[in-house]
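Inspection log for the structure reproduced underneath, given as structure tokens.
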Amino acid sequence: MKSAVLVFPGINRERDMARTLRLVSGQQPAMVWHTEHELPAGTDLVVVPGGFSYGDYLRCGAIAARSPIMDAVRQFAAKGGLVLGVCNGFQILCESGLLPGVLMRNENLRFICRDVFLKVERSDTPFTRGYNAGQVVRVPVAHGEGNYIADGETIARLEGEGRVIFRYSGPDGMIDPNWNHNGAINAIAGIVNDGGNVLGMMPHPENHVEAEIGSTDGRGLFAGLAEVLKRAA
Amino acid sequence: MLANDVKITPELVAEHGLKPDEYQRILDLIGREPTLTELGIFSAMWNEHCSYKSSKVHLRGLPTKAPWVIQGPGENAGVIDIGDGLACVFKMESHNHPSYIEPYQGAATGVGGILRDVFTMGARPIACLNALSFGAPEHPKTRHLVSGVVAGIGGYGNSFGVPTVAGSVRFHKRYDGNILVNAMAVGLAEKDKIFYAAASGVGMPIVYLGSKTGRDGIHGASMASAEFDDNSEEKRPTVQVGDPFSEKLLLEACLEIMAKDCVIAIQDMGAAGLTSSATEMGAKGNLGVTLDLDKVPCREEGMTAYEMMLSESQERMLMVLKPDKEKEAEAIFRKWGLDFAVVGETTPTMRFIVKHHGQVMADLPIKELGDSAPEYKRPFVSLEKPAAIDAGAIEPPGSIADALERLVATPDLCSKRWVWEQYDHIIGGNTVQRPGGDAAVVRVLDGPKGLALTTDVTPRYCEANPFEGGKQAVAECWRNLTAVGATPLAITDNLNFGNPERPEIMGQFVGCVRGIAEACKALDFPVVSGNVSLYNETNGKAILPTPSIGGVGVIADFKKSASLAFKKEGEAILVVGE
Amino acid sequence: MKARVTVTLKSGVLDPQGKAIEGALRSLGVDGVASVRQGKVFDIELDGSDRAKAEALLKQAADKLLANTVIENYHVEVLG
Amino acid sequence: MKARVTVTLKSGVLDPQGKAIEGALRSLGVDGVASVRQGKVFDIELDGSDRAKAEALLKQAADKLLANTVIENYHVEVLG
Ligand SMILES: Nc1ncnc2c1ncn2[C@@H]1O[C@H](COP(=O)(O)OP(=O)(O)O)[C@@H](O)[C@H]1O
């Protein structure tokens with residue numbers, strides 16, 4: 001797995017992400033500065049990590065989405081390359097047009113950091129190979145603007161095409177407003193693009209990959225990706 | 001030629017918070033009337049906050065040494081050796097008054113300030129803590145203050161990217177008009193790569209880094225002194241606004257140039273901004289400093305020397321660079337989009353000289369600015385100890401279960417989840433024990449070592465008996481660290497009290513400090529940094545004496561840390577202690 | 001030259017902040033507010049003095065960055 | 001009745017957002033922008049039709065909630 005972690009000014013979970021990629025795949029990712037125009041040769045996974053790119057000023061992810069490296073990411077994605085955006089990364093992917101919709105302020109207008117339960121809707125995507133469909137995993141969230149919305153047509157398409165990959169749920173997989181901490185429409189926590197090769201999600205699987213630090217529930221995502229890429233290589 | 005722009009009147013002196021005898025001391029020291037800029041510089045250096053003039057004599061009684069102490073009080077933060085070639089850098093500081101005026105920005109800039117103190121020393125911040133005291137829950141301002149302060153702490157720390165892992169929140173009517181916001185930051189550095197404030201070498205470039213200077217937080221006094229005109233709105237002293245994004249860039253840029261070995265000395269521009277950072281760097285290195293204010297990056301037009309020297313704009317630093325590394329350092333700062341300007345140089349003269357528009361605005365003896373600050377042995381009295389309450393005289397509760405339910409429902413004892421869920425407490429991927437336990441535990445790098453962190457104090461004990469209350473606060477901190485399995489190493493303190501000019505308040509202060517000292521000595525638990533916040537009172541009514549104690553301990557294997565939750569049914573419960 | 005760009009949410013787009021403000025105003029006893037929608041203004045200082053050019057520039061700025069046209073509308077006003 | 005409350009930062013108060021936007025516009029190649037300050041607008045739907053009453057109400061809303069008068073100014077406009 002030759003992964004590249006993008007680094008924008010103000011991003012702050014790039015180190016967490018890099019450590020997780022190294023722990024799970026055994027390979028050190030390349031850290032790619034936002035002013036670069038190209039991804040390192042041979043990159044097979046681009047990760048847009050969490051944080052507060054440009055302080056999240058203006059709109060979350062808006063300024064980062066317009067930096068030079070994102071053109072390279074768009075080209076990479078258009079050719080079917082795998083792109084994972086987590087938290088601010090999800091916001092950046094939405095702002096850059098790689099994913100539909102937007103992430104608005106959490107319903108209660110507060111930043112929320114806690115463990116949530118995610119229902120994995122499908123296991124037949126490169127991002128969810130490490131899970132079973134319907135499985136519930138516990139991973140943390142840490143965001144103030146994770147309330148996913150899109151127009152009715154877009155939502156209908158996402159649902160119709162099975163592109164909602166993760167939903168906020170109860171520990172038993174029940175979808176219930178009480179477990180939807182940020183108020184996202186249809187409890188959407190993560191979606192893929194129409195090609196299925198770009199995933200954006202609000203929760204932080206990279207922070208739950210060790211038993212003593214939270215849990216190992218986030219590991220499946222990275223292990224699955226590593227497996228897929230190993231087979232492809 | 002010294003620019004003597006304004007006649008210094010007794011009123012102007014008083015507006016600068018200087019007493020007549022303190023002003024006389026200035027006259028004796030420099031042998032002439034100060035310029036307005038100089039008066040501003042003295043007021044900044046000799047105020048309570050900077051000079052510790054009421055507290056210094058008593059703070060000398062605190063134990064500050066142990067074999068594992070690398071740097072005690074006196075630098076930006078304290079430094080202890082935690083083994084494996086690593087050092088832990090930490091400090092706690094108050095931002096009480098600004099947080100009362102503007103809770104969000106006040107608390108946010110408080111967090112920003114303490115983080116800077118830590119990374120100035122070359123450490124990457126790995127955790128934040130806070131100790132908050134609010135007025136009675138039913139007081140009309142409390143709700144607004146609580147939500148603003150909590151959002152501000154989160155707003156800064158979350159964006160900067162450091163986990164806020166522990167703290168405390170209390171409510172009491174004595175804080176109605178004077179809340180306390182104490183923030184603590186903890187960082188990690190290689191033990192032989194700590195950076196200090198003392199400049200060395202003559203003719204070295206002094207570099208200004210970070211954000212531009214504005215009229216933030218300039219004391220009310222400047223209103224009186226600056227002439228009013230059409231722009232008077234522009235000259236309004238303003239609240240400092242935090243910019244965590246710039247600070248994150250400043251962190252990365254500083255750590256990068258430190259790693260490239262460009263830095264001789266570095267100092268955060270804290271409360272007294274350019275004034276205290278420049279004088280401290282010079283004085284500690286036995287050097288003079290000349291500043292050219294024309295070179296200072298300014299956010300607003302027409303700023304005077306007075307305003308630049310007193311500005312409290314955030315996210316700024318002063319550095320002495322190795323001359324041959326200047327270009328390299330500049331390139332790094334430009335890459336991170338930060339301002340970088342050579343604003344002065346070190347001199348052999350031991351003078352602090354400030355030039356602006358070709359005029360000398362200040363020319364002062366640099367050592368004496370700090371060293372000759374007044375130091376007071378303020379009179380103090382110990383208040384009558386309240387009589388012990390006879391437990392037998394208290395009506396027993398009808399039902400223990402009811403009493404317990406009422407207790408856990410009180411604002412002080414109830415769960416603080418609603419607070420700490422607004423803080424990112426997991427970023428970094430090292431939070432072993434999250435908020436909610438006795439102390440937080442944070443893994444050090446990839447382990448197996450861990451650090452235990454906590455803040456503690458029980459103000460009502462300090463009120464009832466300052467000496468015992470001071471001891472108790474340290475003991476509580478110690479217990480919380482040992483309860484998670486850590487070996488306690490050292491503390492930082494944040495001493496919040498009322499007006500020290502009142503002997504009974506001074507009595508509380510002296511008592512608490514002696515108590516802290518006694519407990520720290522007994523436990524071999526030195527104080528390596530701290531902060532004093534006095535004059536916390538409104539309408540002559542002081543806050544409860546609140547010496548917050550921030551403790552750090554080390555655990556050899558983070559996997560062995562103990563947590564609070566019962567693990568299994570049917571296990572024995574033991575009570576340890578008296 | 002001074003100008004102002006105002007960015008507002010398209011109608012139909014949910015506005016959690018506006019909603020929360022409505023509620024907060026009500027609980028503060030400010031009565032008679034039927035609905036609130038929150039938007040942004042950008043007060044922009046421009047070089048030059050050509051109004052038409054300024055307007056074109058601001059439109060470009062709004063399209064490229066200031067507004068997310070998926071959910072927001074914008075309005076440009078050169079104040080001179 | 002429709003109304004708009006515009007909240008802007010007092011001059012002299014640091015505006016980190018405006019600063020970041022300036023930088024972003026520059027690197028996007030939008031030239032000629034000297035400075036940006038960001039503010040908020042609240043588009044408010046009011047019950048009733050008494051303009052004077054509406055203005056008083058909005059002032060109250062702005063003072064109590066919409067603006068932080070320590071660092072912000074506000075401007076109320078009843079559009080009818
Ligand atoms: N302001 C805060 N920030 C972070 N954590 C907090 C804060 N307030 C309370 N906590 C956490 O909540 C828990 C309970 O707090 P507190 O009542 O002060 O604990 P105790 O008195 O039992 O030591 C602690 O783990 C503490 O770290």
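The values are calculated or read from the model by the stated rules, or taken from the named source; none is laboratory data. Values in this document were obtained by computation on a predicted structure and should not be read as measured data. Neighbour counts run over all protein chains shown; Cβ positions are idealised from the backbone, glycine included. Side chains are part of the model used for accessible areas, which takes the heavy atoms of the whole protein and leaves out ligands, DNA and RNA. Shrake-Rupley method; radii C 1.70, N 1.55, O 1.52, S 1.80 Å.
Taking a ≥ b ≥ c as the square roots of the eigenvalues of the Cα gyration tensor of the protein assembly as shown, is the shape rounded (a/c under 1.5), prolate (a/b larger than b/c) or oblate?
In terms of gyration-tensor shape, rounded.
So which aspartates and glutamates can A:K119 reach, going by Cα to Cα under 19 Å and dropping same-chain residues fewer than 8 places off?
Candidates past the 8-residue exclusion: A:E159, A:E161, A:D172, A:D176, A:E206, A:D217.
Can you work out ³J(HN,Hα) from phi for every residue in segment B:154-171, in order, using Karplus 6.51 cos²θ - 1.76 cosθ + 1.60 and θ = phi - 60°, giving whole Hz and x for Gly and Pro?
Whole-Hz 3J(HN,Hα) from phi for segment B:154-171: x, x, 7, x, 5, 6, 4, x, 10, x, 9, 9, 6, x, 8, 9, 9, 10.
Name the residues whose placed amide hydrogens come within less than 5 Å of the amide hydrogen of B:T347, ignoring near sequence neighbours (fewer than 5 apart) on the same chain.
B:G203, B:G288, B:V289, B:T290
Which distances in nm, rounded to one decimal and ordered from shortest, link the label point of D:K53 to the equivalent label points in the other identical copies, with labels set 7 Å from Cα toward Cβ?
5.2
In what sequence, largest accessible area first, do B:F195, A:F166 appear using a 1.4 Å probe?
Listed by decreasing accessible area, they come as B:F195, A:F166.
Would you compute, from DSSP H runs of 4+ residues alone, the mean residue ellipticity of chain B at 222 nm, taking -39500 (n - 2.57) per run and dividing by the full residue count, rounded to the nearest 500?
The helix contribution divided over chain B gives -9500 deg cm²/dmol.
For segment C:2-78, with all protein chains present and a 1.4 Å probe, just round the carbon and sulfur fraction of the accessible area to a whole percent.
50
May I ask for the net charge around B:P67, where only other residues with Cβ less than 14 Å from the Cβ of B:P67 are counted and Lys, Arg are +1 while Asp, Glu are -1?
For residues surrounding B:P67, the net value is 0.
Would you kindly derive the ³J(HN,Hα) couplings of segment D:32-42 from the backbone phi angles with the Karplus curve 6.51 cos²θ - 1.76 cosθ + 1.60 (θ = phi - 60°), listing them in order in whole Hz, with x for Gly and Pro?
x, 8, 7, 7, 10, 10, 9, x, 10, 10, 10
What is the distance in Å between the Cα centroid of segment B:393-421 and that of segment B:122-145?
What the calculation gives is 21 Å, centre to centre.
With every protein chain kept in the model, how would you rank B:I8, B:I573 by accessible area, 1.4 Å probe, largest at the top?
If we order B:I8, B:I573 from most to least accessible, we get B:I573, B:I8.
Can you list residues whose amide H is under 5 Å from B:A490's amide H, if they're 5+ apart or on another chain and H is modeled 1.01 Å from N?
B:V552
Considering only the label points, 7 Å along Cα→Cβ from Cα, what distances in nm to one decimal separate C:G29 from the same position in each other copy, shortest first?
Label point to label point, same position, other copies: 5.8 nm.
With the label 7 angstrom out along Cα to Cβ, how close does C:L79 come to the same site in each of the other copies, in nm, nearest first?
Nearest to farthest, the other copies are at 1.8 nm.
Return a whole-number percent for the relative contact order of chain B, with Cα pairs under 8 Å and 6 or more residues apart as the contact set.
19
Can you show me the helix-derived [θ] at 222 nm for chain A, built from DSSP H runs with n ≥ 4 at -39,500 (n - 2.57) apiece and divided by the number of residues, rounded to the nearest 500.
The helix contribution divided over chain A gives -7000 deg cm²/dmol.
Using protein heavy atoms only (no ligands, DNA or RNA), what is the total accessible area buried between D and B, 1.4 Å probe, nearest 100 Å²?
Buried: approximately 1100 Å² between B and D.
How tilted is helix B:36-46 with respect to the longest principal axis of chain B? Cα atoms for both, answer in degrees (0 to 90, nearest 10).
Roughly 30 degrees between the two axes.
How far is the Cα center of segment A:25-77 from the Cα center of segment B:349-379, in Å?
Here the two parts' Cα centres lie 49 Å apart.
Give the shape of segment A:1-98 as rounded, prolate or oblate, defined through the alpha-carbon gyration tensor: a ≥ b ≥ c are the square roots of its eigenvalues, a/c under 1.5 means rounded, and otherwise the shape is prolate if a/b is larger than b/c and oblate if not.
It is oblate, given that a/c is not under 1.5 and a/b is not larger than b/c.
I need to check one value: relative contact order of segment A:95-233, counting alpha carbon pairs closer than 8 Å and at least 6 residues apart, in percent.
29
Averaging sequence separations of C-alpha pairs under 8 Å and six or more residues apart, then dividing by the length of chain A, give the relative contact order as a whole percent.
20
Which value, in Å² and to the nearest 10, is the accessible area of B:I194 when all protein chains are kept and the probe is 1.4 Å?
Only protein atoms counted, so the area is about 20 Å².
How big is the gap, in Å, between the Cα center of segment A:162-233 and the Cα center of segment B:470-537?
Distance between centres, Cα-based: 46 Å.
How charged is the neighbourhood of D:V33? Take every other residue with its Cβ under 10 Å from the Cβ of D:V33, and add Lys/Arg as +1 and Asp/Glu as -1.
That sum, taken over residues with Cβ under 10 Å, equals -3.
Note the angle between two axes, namely the Cα long axis of helix C:16-27 and the longest principal axis of the Cα atoms of chain C, as a number of degrees from 0 to 90, rounded to the nearest 10.
The helix C:16-27 is inclined about 50 degrees to chain C.
Would you tally the net charge around B:T492, using a Cβ to Cβ cut-off of less than 14 Å, leaving B:T492 out, and scoring K and R as +1, D and E as -1?
Net charge around B:T492: -4.
By its C-alpha gyration tensor, with a ≥ b ≥ c as the square roots of the eigenvalues, how is segment A:3-232 shaped: rounded for a/c under 1.5, else prolate for a/b larger than b/c, else oblate?
rounded
Using θ = phi - 60° and the Karplus form 6.51 cos²θ - 1.76 cosθ + 1.60, what ³J(HN,Hα) does each residue of segment B:512-528 get, whole Hz, x for Gly and Pro?
4, 5, 5, x, 4, 4, 4, 5, 5, 5, 4, 9, 6, 10, x, 8, 10
Residues of the protein assembly as shown: accessible area per residue at 1.4 Å, in Å²?
Here the residues of the protein assembly as shown average 39 Å² of exposed surface.
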